[in-house]
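**Q** Below you'll find the structure I mean.
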Amino acid sequence: MDVYTLRWPRWLRLPDARNRSGDQIDRLIRTIAIAIALVALPIALSVGASVYKAHSEMYALQAQTRSNITATVTGDTATPDLRRGSARVGVEWYSAGMQHTGTVRVPSAVKPGDSVPIWVDENGALVPAPKSATTALLDAIVVGIATWVVAAAITAAAAVWIRAFHMWLRQEAWQRDLDRLLGTD
């Protein structure tokens, strides 16, 4: 039977007396970067939750103020979009006590006189369909993940910059010591 030992990664182990101080600084920088990324996680979750709440309320209001009605195609099909299989056509509908006209994207097979579904607001104006609660959830997930990725990327970039600066300082110290040793300073 094989025995495996679980150990901390070498770059995350606690410093000991055999390590140079520069190695300890590098390890400390990595540890701090990981800690900041972990602290950013609940912050990103909170941002996502607030986006979900705001968008859910906004989409619920849209669902209450918009209605699906039928409009009649009035004109010939405009230039069809072959990639989408649709075209923009003129339509008219009756809503909010008035006759309205506008253009909408419909399947390219419609003819004048056909009925097509449209969404209107309380004033009868043409509007997009209300978004669903699922869309609010997707918005929140995307914003939460983006928030965490940005925080982690900034932290990683700062850690890389600090490490590069530290390496530059170390190389300068080596060069000074070598210049003193060779008497070229």
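The values are calculated or read from the model by the stated rules, or taken from the named source; none is laboratory data. If you're wondering where the values come from, they're calculated on a predicted model, not measured in any experiment. Positions of Cβ are generated from backbone atoms using ideal geometry, with glycine treated the same way; all protein chains shown enter the neighbour counts.
**Q** Only one of these is small (Gly, Ala, Ser), in the same structural domain as GLY75 (by TED's automatic domain parsing) and not in a strand (DSSP E or B): GLY124, GLY144, GLY102. Name it.
**A** Among GLY124, GLY144, GLY102, only GLY124 is small (Gly, Ala, Ser), in the same structural domain as GLY75 (by TED's automatic domain parsing) and not in a strand (DSSP E or B).
**Q** Take the conditions modelled with pLDDT of 90 or more and small (Gly, Ala, Ser) and apply them to ALA33. Does it pass?
**A** Answer is yes for this residue.
**Q** Another question, then. Can you find, within the range 127-141, the residue that is nearest to the chain's Cα centre (by Cα) among those that are surrounded by fewer than 15 Cβ atoms within 10 Å (Cβ to Cβ) and in a helix (DSSP H, G or I)?
**A** Checking each candidate, the answer is ILE141.
**Q** Next question. Just for the range 1-30: of the residues that are farther than 22 Å from ALA173 by Cα and outside any loop (DSSP other than H, G, I, E, B), which one is modelled with the highest pLDDT?
**A** ARG30
**Q** Kindly indicate whether any position in the range 105-128 is in contact (Cβ under 8 Å) with a residue 60 or more places away in the chain and either more than 30 Å from ILE36 (Cα to Cα) or not polar (S, T, N, Q) (or both).
**A** Yes, the conditions are met somewhere in the range 105-128.
**Q** Moving on. As an exercise: evaluate ASP177 against (1) touching a Gly at 6+ places or on another chain (Cβ under 8 Å); (2) free of Cβ contacts under 8 Å to residues at least 60 places away in the same chain and give the number of the one condition it does not meet.
**A** Status for ASP177: all satisfied but (1).
**Q** Consider GLY124 carefully, then state whether it is out of contact with any Lys or Arg (no Cβ under 6 Å at 6 or more places or on another chain), of a type in the set (Gly, Ala, Ser) and within 30 Å of ALA54 (Cβ to Cβ).
**A** Yes: the conditions hold for GLY124.
**Q** May I pose another question? For residues that are more than 17 Å from ALA129 (Cα to Cα) and in a strand (DSSP E or B), tally how many sit in the range 89-99.
**A** Counting residues in the range 89-99 that are more than 17 Å from ALA129 (Cα to Cα) and in a strand (DSSP E or B) gives 6.
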